[in-house]
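First up is the structure itself, then whatever we jot down about it.
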Protein chains: 2
Amino acid sequence: MNADIRRERENASFKTEVLTHILDGGPEKTKRRREIENLVINDPGFQHEDLNFLSRSERYDAAVKKSAWMILKLREYGISDPEEIFFYKSTAQRNYNDPMDVHFLMFVRSLWNMCTEEQLNKWLPLIQSYSAIGTYAQTELGHGTHIRGLETTATYDPSTQEFVLNSPTVTSIKWWPGGLGKTSNHAVVLAQLYTQGNCHGLHAFIVPIRCMTTHKPLPGVVVGDIGPKFGFDEVDNGFLKLENVRIPRENMLMKYAKVEPDGTYKKPPSDKLTYSTMVFIRSMIVGESARSLSKACMIAIRYSAVRHQSELRAGEPEPQILDYQTQQYKLFPLLAAAYAFHFMGQYMIQMYHRISGDISQGDFSEMSELHALSAGLKAFTTWVATEGIEVCRMACGGHGYSRCSRLPDIYVTFAPTCTYEGENTVMMLQTARYLVKSYSQASAGQKLSGMVSYLNESQQHHLQAQPVTARSTVVNINDLTSLVEAYKLRAAKLVELAAKNLQHELQLKASKEDAWNNTSIELVRASDAHCHYVVVKTFAAKLTEVHDAAVHLALSTLALLYALHGMTENSGDFLQAGLLTVPQLSQVSQRVKELLSQVRPNAVALVDAFDYRDEILDSALGRYDGNVYESMFEWAQKSPLNQTEVHESYHKYLKPLQSKL
Amino acid sequence: MNADIRRERENASFKTEVLTHILDGGPEKTKRRREIENLVINDPGFQHEDLNFLSRSERYDAAVKKSAWMILKLREYGISDPEEIFFYKSTAQRNYNDPMDVHFLMFVRSLWNMCTEEQLNKWLPLIQSYSAIGTYAQTELGHGTHIRGLETTATYDPSTQEFVLNSPTVTSIKWWPGGLGKTSNHAVVLAQLYTQGNCHGLHAFIVPIRCMTTHKPLPGVVVGDIGPKFGFDEVDNGFLKLENVRIPRENMLMKYAKVEPDGTYKKPPSDKLTYSTMVFIRSMIVGESARSLSKACMIAIRYSAVRHQSELRAGEPEPQILDYQTQQYKLFPLLAAAYAFHFMGQYMIQMYHRISGDISQGDFSEMSELHALSAGLKAFTTWVATEGIEVCRMACGGHGYSRCSRLPDIYVTFAPTCTYEGENTVMMLQTARYLVKSYSQASAGQKLSGMVSYLNESQQHHLQAQPVTARSTVVNINDLTSLVEAYKLRAAKLVELAAKNLQHELQLKASKEDAWNNTSIELVRASDAHCHYVVVKTFAAKLTEVHDAAVHLALSTLALLYALHGMTENSGDFLQAGLLTVPQLSQVSQRVKELLSQVRPNAVALVDAFDYRDEILDSALGRYDGNVYESMFEWAQKSPLNQTEVHESYHKYLKPLQSKL
């Protein structure tokens, strides 16, 4: 092992393993996770060349091979717990995706949730045997987040008891669904339902798209891959154009809405249930933000411990770049954010399960809060993590640009979370709608509960544009509880600002839509502040559950850093709200620097605790043993361009060029 | 043409062509640029498939083919003016790179600058005939920005009058040079010179690496491609390991330093001249920031004019997404920055040529300012542009993630500018060193000139931590001159803060290196503020040269937006320095929103003025005619995965899977 990185580990003030158990949720969980990871890592069926050395078609081929193998092995091992499947899958996939993800996450789930019992009897065996492999076709070439705008039509023909599906325009072509291009033989298609001359809005239909024997596209089905993307090279995101495709009436998912044989339409009893999958996936993405950001931090921090560069003291050896304050300033706040998001992700999943339980008991009271929180936090955490991964990459200097660092792959695999499952700005505005509504309710004297309960207080305190000096001196920058309070008051202030701006615009403009649009910058800012508060609060709350003193101290330092660094990044807000004074702001900057040096000796241990095995992280820069350069040199030898000593282009172009000059 | 985008053009308040002339530097320049672009666009020799459909090796092949063709055609047309070559090259390369860029920019230039006349007589004919194709091998696996740390050795052997070159460690392997892997047969190698038992530091040597007849690596030369990267797929960035490679004494570049036949070393007279190429390239990168960011804005803004999404008013058609305030807030400040950087880039090149003239007259007085400014502005503009390109990409929603948007390509091609030619944080600290030195000189009563002359004033005014209220009310947020002043005072304040912090640390710590390191966050902040001031000032100055009233108005709006948006982004600084009051800050936010609506009707015309032909921009989303969806659908058909109806992986893995379950 590299001597620098060994020394880092020796100097850490806490036991890494204890922290790993906290992250996993207990020693038993760590043990089981590692057992599952070992199943994959030791399985020759999952070995393959670096995907970056392969062509697009070869990458897709390798991914399908892996999916098929995984399905067999999971059955063989009898692994069926969703969390265990998740461990298995993410170890197998490393930093990439699975062309069958949409099949598992959306197709099967949609059928489970929206089939009648009769329909389930038909489809379950087909799913079990993988005779039906499916995707979920919602977005169209011209339509994304706003699903009411979708144009695909499903028109009922009572004479044959069939639906006729059509893509009437170029913009209506289904676009993006994963696994649609080449893998799937079925799709759950979202289409505008027409029957008896009326449109009843969006409904879901199971559409066979490829022959179950030959896998060739069925008549009227124009299907294919949408072409190369920033990442997701191994996934066949696809397009689907439907030309008078007929499906039996029974292929409409009819658990809620129905069309009877004669074409009579029956409305669904409630539309609240359709939120559930969306909310679950958004909550999961919060955890994915933590996962991707922590991988990036692990790579950048381990590399920074091994990399020596420039000089701090003339004549002395080049220092580890982790000793540069600017490097610490780039990486440690992101490390703190990775921890914060990890705990936030755990909280969201627990909240989801709790509220799902309530809902199944008929209690919808917390549904809107969960919906608002999952939307905002999905946006908040994915934005921070996406930017943060690139900061980590660039903090590795030139080598971060090499695919062997794995940072480009982590980036392009993660970045689409900012767009999919609801575009982030739209998500922030959904949360804002809930915040403004809550603010109005509190103004009207209603008592709010949950994460927005601070809006009760703000009504009591009647926050002013220029708050009293008394409050501003209350913030104790060394006390996390006091910082949580400051974040809370900032959120309250910004929600109030947005709400008042909205009212002001309403007085000026004719329509409430224009008023909303003209306040949207403030609304996004308010949501952002709300989410920031929730994350700081959750991190602080988590600390109370940590009993190991050394780990508690290390995590407290990170939590303080997270909160104080966020203050310097948003100092205008805190000054403007009178929550900080100018001299205090200088103290905050000073304190941040002290915290950086307190994190410094534990930095490597703090990333070690994430416990991504080398085989999963798959990064030459982020190796556990720190043998970075040997590993890079070895990797480079395998580059496809090194398969021949002289590239054919020399004979084709350069040699002839010389003869012509 | 798409009706929306036609309407946008009809509604613009100024003539696009007039603005294009300003950007180009006059109508004659526009005309000539277009002539040159047409030479490339109409040349069948430059036609090729989308590189994204090709394998790595095919991409490299296509790029070499293009380089060779370009060399022939430039000779044929007799184009030799550097600016005209630049137009030709960038049209041919579109959004990619040329494996021979390092040959042109660094290898040939190094030989020109560092060869004796005798050496030039030998090498020029070889360069002219492309018998010698070269690269510039500086960075090593373990060493980047800090060139004194390089480990490659060149030891003089007087018995044979040769240098013996070696890569003594893994970390000393040359790594990254473009064109090194497969294309070049020579390299200018930077190595530690040893003669007569002494090390004389870094010197440059011409090392033949491949046989000029067979192109095979020469004995003792281990050379190859470093493997796939985030981008630059078409370039063979390479590694080079030298094992007792002997070159004649005459292959040391001896215009300045010399080694005589007996091994006597003669020092160079000055090392200032070696800065020149570096400073030139950094100045060029400022213009590249403008170029890449303006391409991204062109794509995102045109697409936003064509894309309809969601609803502003119930029942009405979906609005153009450019009408959403949040979309404007993302894109218009970046559009303003693209213009600001364009003018900044022009200024830098003019300054470079002026100061180069002075230097050739023996006047080095402005060299340090140019060096400091080019370092800081390179960092400032590349950071903003890199982040900005991603904001533009994500503002296109899911479709920005497709390679057909061209935004991923623009991003990965541009992003390395943050790292190469000097890592950005290191660059910022170099500028800071100059600022702090200037501050000390002003404190000592010296009169400063140039862009740092404001530090004279700050000494007069003796800025205080809590400045008098009188000054803060001076800022007129509707007056650009007043805003330039505010940016100046912010910079002065932050330079002072950093300088004082440095002094404070010096009192606490033993070494000045530790003090520097412990102030580096403040130092980067000061440089950033300095650069921001210079950009705002340059934009404002440019307006005085614009005589067309309509264009003047449109550009003034952008300049105000650039300055005011920057204030909201750094509001903490302005509040802290007492340059803005809390109520003023709210006015700034309000004013920014007004400016967004003023930019709105001109947005498409403002990107049209950049005048990138469809063939250069090469983006399905950014097409001039706005026919986005048809173009995407057509492009997708060509995806390699669509070459067969059924992908072979179906028969290999999915079909067998079904039979096993």
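The values are calculated or read from the model by the stated rules, or taken from the named source; none is laboratory data. The structure presented is a predicted model; accordingly, all values stated were derived computationally and were not measured. Because the Cβ atoms are built from the backbone with ideal geometry, glycine has one as well, and the counts that use them run over all protein chains shown.
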- Subset tally (residues that are within 12 Å of another protein chain (Cβ to nearest Cβ) and at pLDDT below 95) for the stretch A:310-355: 10
- Query: Does A:TYR303 qualify as being farther than 23 Å from A:LEU560 by Cβ, among the aromatic types (Phe, Trp, Tyr) and crowded, with 24+ Cβ neighbours inside 10 Å?
  - Reply: yes
- Task: Select from the stretch A:243-279 the residues that are part of a helix (DSSP H, G or I) and modelled with pLDDT of 90 or more and write down the one among them that is surrounded by the fewest Cβ atoms within 10 Å (Cβ to Cβ).
- Result: A:GLU250
- Message: Of the residues B:ILE209, B:ILE301, B:ILE226, only one is within 14 Å of chain A (Cβ to nearest Cβ), β-branched (Val, Ile, Thr) and more than 25 Å from B:MET114 (Cα to Cα); which?
- Response: B:ILE226
- Whichever residue in the stretch A:500-523 is under 17 Å from A:THR431 (Cα atoms) and of a type in the set (Asp, Glu) and, among such residues, is surrounded by the most Cβ atoms within 10 Å (Cβ to Cβ): A:GLU522
- Item | Failed criterion for A:LYS73 (all others in (1) surrounded by fewer than 15 Cβ atoms within 10 Å (Cβ to Cβ); (2) charged (D, E, K, R); (3) at pLDDT 95 or above hold) | (1)
- Query: For the stretch A:31-47, does any single residue satisfy the condition of being touching a helix residue (DSSP H, G or I) at 6+ places or on another chain (Cβ under 9 Å), within 14 Å of chain B (Cβ to nearest Cβ) and closer than 24 Å to A:GLU288 by Cα?
  - Reply: yes
- Message: For a quick check of your reading of the model, give me the residue pairs whose first member lies in the stretch A:119-133 and is of a type in the set (A, V, I, L, M), whose second is not in a loop (DSSP other than H, G, I, E, B), with beta-carbon atoms closer than 6 Å and at least 6 apart or on different chains.
- Response: A:ILE127/A:VAL108; A:ALA132/A:LEU126; A:ALA132/A:HIS186; A:ILE133/A:HIS103
- Task: Spot the failing condition for A:GLN350; the list is (1) under 20 Å from A:SER283 (Cα atoms); (2) touching a His at 6+ places or on another chain (Cβ under 9 Å), and only one is missed.
- Result: (2)
- Would the stretch A:148-157 turn up any residue that is away from every other protein chain (no Cβ under 14 Å), touching a residue at least 60 places away in the same chain (Cβ under 8 Å) and surrounded by fewer than 20 Cβ atoms within 10 Å (Cβ to Cβ)? yes
- Counted residues in the stretch A:53-109 being farther than 23 Å from A:THR277 by Cβ and part of a helix (DSSP H, G or I) come to 21
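When you go through A:LYS229, A:LYS182 one by one, which is the residue that is under 28 Å from the mean Cα position of the chain (by Cα) and closer than 20 Å to A:GLY144 by Cβ? It would help to see each step written out before you state the result.
On the way: A:LYS182 fails: closer than 20 Å to A:GLY144 by Cβ.
Residue meeting the stated conditions: A:LYS229.
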- Given (1) surrounded by fewer than 16 Cβ atoms within 10 Å (Cβ to Cβ); (2) closer than 22 Å to B:ASN185 by Cβ, index of the condition B:PRO99 fails: (1)
- Task: Any residue in the stretch B:64-86 that's more than 14 Å from every other protein chain (Cβ to nearest Cβ): show its pairings with residues that are outside any helix (DSSP H, G or I) and surrounded by 13 or more Cβ atoms within 10 Å (Cβ to Cβ) at Cβ separation under 7 Å, as long as the two are six or more apart or on different chains.
- Result: B:ILE85/B:ILE79
- Message: Please return the ranges of helices (runs of 4 or more DSSP H) entirely within the stretch A:532-649 where 3 or more residues are within 14 Å of chain B (Cβ to nearest Cβ).
- Response: A:549-569, A:571-576, A:582-599, A:628-637
- Task: State whether one or more residues within the stretch B:254-263 are more than 20 Å from the chain's Cα centre (by Cα), within 14 Å of another protein chain (Cβ to nearest Cβ) and among the charged types (D, E, K, R).
- Result: no
